[in-house]
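The values are calculated or read from the model by the stated rules, or taken from the named source; none is laboratory data. Here the structure is a predicted model, which is why all the values come from computation and not from measurement. When we count neighbours, we look across all protein chains shown, and the Cβ atoms used for this are built from the backbone with ideal geometry, even at glycine.
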Amino acid sequence: MISHVVCRQFADDLLDGLHRPSDEYRLALYTEDATLDASTTMYTPKHETSGPGYSAGGVVLRRVRSRTADGAHLGFADVVLLNTEIAARGALVYNKTRENRALFVLDFGKVYRSTAGEFEIQLPPTLCTVR
């Protein structure tokens with residue numbers, strides 16, 4: 001089961017000041033057999049999707065960060081994979097630089113498939129707000 005949630009590990013890490021803007025953040029895709037929820041602590045290859053156009057460990061995310069009067073917001077640009085033959089039910093956003101620590105689990109709501117085509121993941125504009 002995949003739950004759309006902020007990982008508890010990420011909340012703890014924020015309090016410890018662990019994550020940095022210059023770190024490498026990644027998005028890994030998972031099949032419907034994966035178990036990802038608030039208790040997920042780090043990236044795992046177990047039940048990660050596989051197929052042409054996708055590599056284990058996922059894709060590097062382009063970070064979009066903004067500061068406004070109401071706090072700092074953490075978000076990432078949408079991801080488009082080309083020429084893929086994959087299926088995914090959800091994703092894990094994690095910090096590769098910091099021992100693959102988990103940040104967010106994304107539940108797509110159903111299995112999405114691509115056959116020799118484009119696979120697009122539209123990320124929420126703000127995954128986290130710190131006030």
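Take the residues of segment 78-112 that are assigned to a strand (DSSP E or B) and of a type in the set (S, T, Y): which is surrounded by the fewest Cβ atoms within 10 Å (Cβ to Cβ)?
Y112
Please go through segment 7-23 and give me each residue that is surrounded by fewer than 16 Cβ atoms within 10 Å (Cβ to Cβ) and in contact with a Ser or Thr (Cβ under 9 Å, 6 or more places away or on another chain), ordered by number.
Answer for segment 7-23, where residues must be surrounded by fewer than 16 Cβ atoms within 10 Å (Cβ to Cβ) and in contact with a Ser or Thr (Cβ under 9 Å, 6 or more places away or on another chain): R8, R20, S22, D23.
When segment 56-77 is examined, which residues are found to be modelled with pLDDT under 95, in contact with a Phe, Trp or Tyr (Cβ under 8 Å, 6 or more places away or on another chain) and either closer than 22 Å to M1 by Cα or part of a strand (DSSP E or B) (or both)?
Result: R63, V64, F76.
Can we say R26 is within 24 Å of A11 (Cα to Cα) and at pLDDT below 95? Let's see the steps before the verdict.
Details: within 24 Å of A11 (Cα to Cα): yes; at pLDDT below 95: no.
So R26 does not fit the description; no.
If a residue has to be surrounded by 14 or more Cβ atoms within 10 Å (Cβ to Cβ), part of a loop (DSSP other than H, G, I, E, B) and not polar (S, T, N, Q) to count, how many in segment 24-55 make the cut?
Residues meeting the conditions: 7.
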